[in-house]
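Engineer: Here's a structure for you.
The values are calculated or read from the model by the stated rules, or taken from the named source; none is laboratory data. Remember, predicted model here, so these are calculated numbers, not experimental data. Note: ideal-geometry Cβ built from the backbone for every residue, glycine included; neighbour counts use all protein chains shown. Heads up: the accessible areas ignore ligands, DNA and RNA and are worked out on the full protein's heavy atoms, side chains in. Shrake-Rupley method; radii C 1.70, N 1.55, O 1.52, S 1.80 Å.
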Amino acid sequence: MKMIITSLLALMGLAACSQPNSYEVDSFTTKSGKTVKFHALVHASIRIEYDGKEIMIDPVTKLGNKTIDYTVMPKADYIFVTHEHHDHLDQEAINQLTGDKTQLITNQRCAEMLGYGQVMANGDVLQLSDDIRLEAVPAYNTTEGHLQFHPKGRDNGFILTLDGLRIYIAGDTEDIPEMAEIKDIDIAFLPCNQPYTMTVEQLVNAARIVKPKVLFPYHYGQTEVSGISSQLKADGIEVRIRHYE
């Protein structure tokens with residue numbers, strides 16, 4: 001009986017993980033008083049709610065022992081995919097989130113693999129509505145021996161502006177020189193795991209370059225990121241650690 005109860009509780013726990021309200025949520029207010037909510041789904045998958053719109057960043061249905069059921073969430077108005085790797089591009093997740101009005105925006109390689117999608121290259125800008133603007137920025141490796149993971153010019157990071165609130169979603173990148181051109185960021189998502197993205201030291205350096213008001217380390221896998229907050233305290237950057245393993 002004890003084994004049966006334990007199994008049922010485990011199943012209930014797994015089911016709860018699939019519910020849209022079971023994830024950590026951070027809320028921010030735009031210049032005109034609108035609310036932006038960030039749901040920490042997993043790794044590099046972020047759900048954003050804004051003014052009745054649903055925005056999904058790099059949605060994936062399964063990563064390690066974690067499963068995300070997007071069928072219990074609203075259809076997306078926008079899906080942004082940074083690049084082709086399995087922890088960022090997932091056809092099943094895209095299918096579950098796609099409705100009649102969904103716009104998929106990605107890079108050339110992903111659009112070729114999927115057979116559809118609006119393509120953005122580094123430097124492109126899309127005005128999606130009066131108060132939603134999307135900029136594609138570089139995301140690539142610079143460390144010798146890692147260059148093949150994310151070659152320069154192929155993948156995107158994104159700067160998403162919602163009613164003046166500027167959000168930098170870096171994608172898979174190291175602390176590249178182009179970050180010096182990224183200004184006035186309110187919220188930044190910076191990756192931290194080896195050998196694919198940044199070390200903790202690189203992330204701290206990137207944060208000091210970009211100077212966001214709030215930083216979410218993400219895509220961090222098994223990397224220990226708890227010490228980032230103390231390293232950036234003197235810089236006036238608020239660090240929030242969420243379940244973006």
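Engineer: What number of residues within the range 181-223 satisfy the criterion of being closer than 15 Å to Ala44 by Cβ, open to solvent by less than 10 Å² (accessible area, probe 1.4 Å) and small (Gly, Ala, Ser)?
Structural biologist: So the answer is 1.
Engineer: Now, a different point. Can you list the strands (runs of 3 or more DSSP E) lying wholly within the range 155-245 that have 2 or more residues being touching a Pro at 6+ places or on another chain (Cβ under 7 Å) and modelled with pLDDT of 95 or more?
Structural biologist: Passing ranges, in order: 187-191.
Engineer: Follow-up. So for the range 124-140 (the condition being farther than 29 Å from Lys31 by Cβ and over 18 Å from the mean Cα position of the chain (by Cα)), does at least one residue qualify?
Structural biologist: Scanning the range 124-140 turns up no residue that is farther than 29 Å from Lys31 by Cβ and over 18 Å from the mean Cα position of the chain (by Cα).
Engineer: Would you point out the residue of the range 70-85, among those that are crowded, with 21+ Cβ neighbours inside 10 Å and of a type in the set (Ser, Thr, Tyr), that is farthest from Ala139 (Cα to Cα)?
Structural biologist: For the range 70-85, the residue satisfying everything is Tyr70.
Engineer: Considering the range 86-102 alone, what residues qualify as being surrounded by 16 or more Cβ atoms within 10 Å (Cβ to Cβ) and either within 17 Å of the chain's Cα centre (by Cα) or at pLDDT below 95 (or both)?
Structural biologist: Of everything in the range 86-102, those that are surrounded by 16 or more Cβ atoms within 10 Å (Cβ to Cβ) and either within 17 Å of the chain's Cα centre (by Cα) or at pLDDT below 95 (or both) turn out to be Asp87, His88, Leu89, Asp90, Ala93, Ile94, Leu97.
Engineer: Please work out which one of (1) touching a residue at least 40 places away in the same chain (Cβ under 8 Å); (2) closer than 19 Å to Lys53 by Cβ; (3) surrounded by fewer than 16 Cβ atoms within 10 Å (Cβ to Cβ) is the condition Thr67 fails and give its number.
Structural biologist: The one condition Thr67 does not meet is (2).
Engineer: Checking Leu134 against (1) crowded, with 16+ Cβ neighbours inside 10 Å; (2) outside any strand (DSSP E or B), which test does it fail?
Structural biologist: Of everything listed in (1) crowded, with 16+ Cβ neighbours inside 10 Å; (2) outside any strand (DSSP E or B), Leu134 misses just condition (2).
Engineer: Restricting to the range 142-174, what's the tally of residues that are touching an Asp or Glu at 6+ places or on another chain (Cβ under 9 Å) and within 16 Å of Tyr218 (Cβ to Cβ)?
Structural biologist: Residues meeting the conditions: 13.
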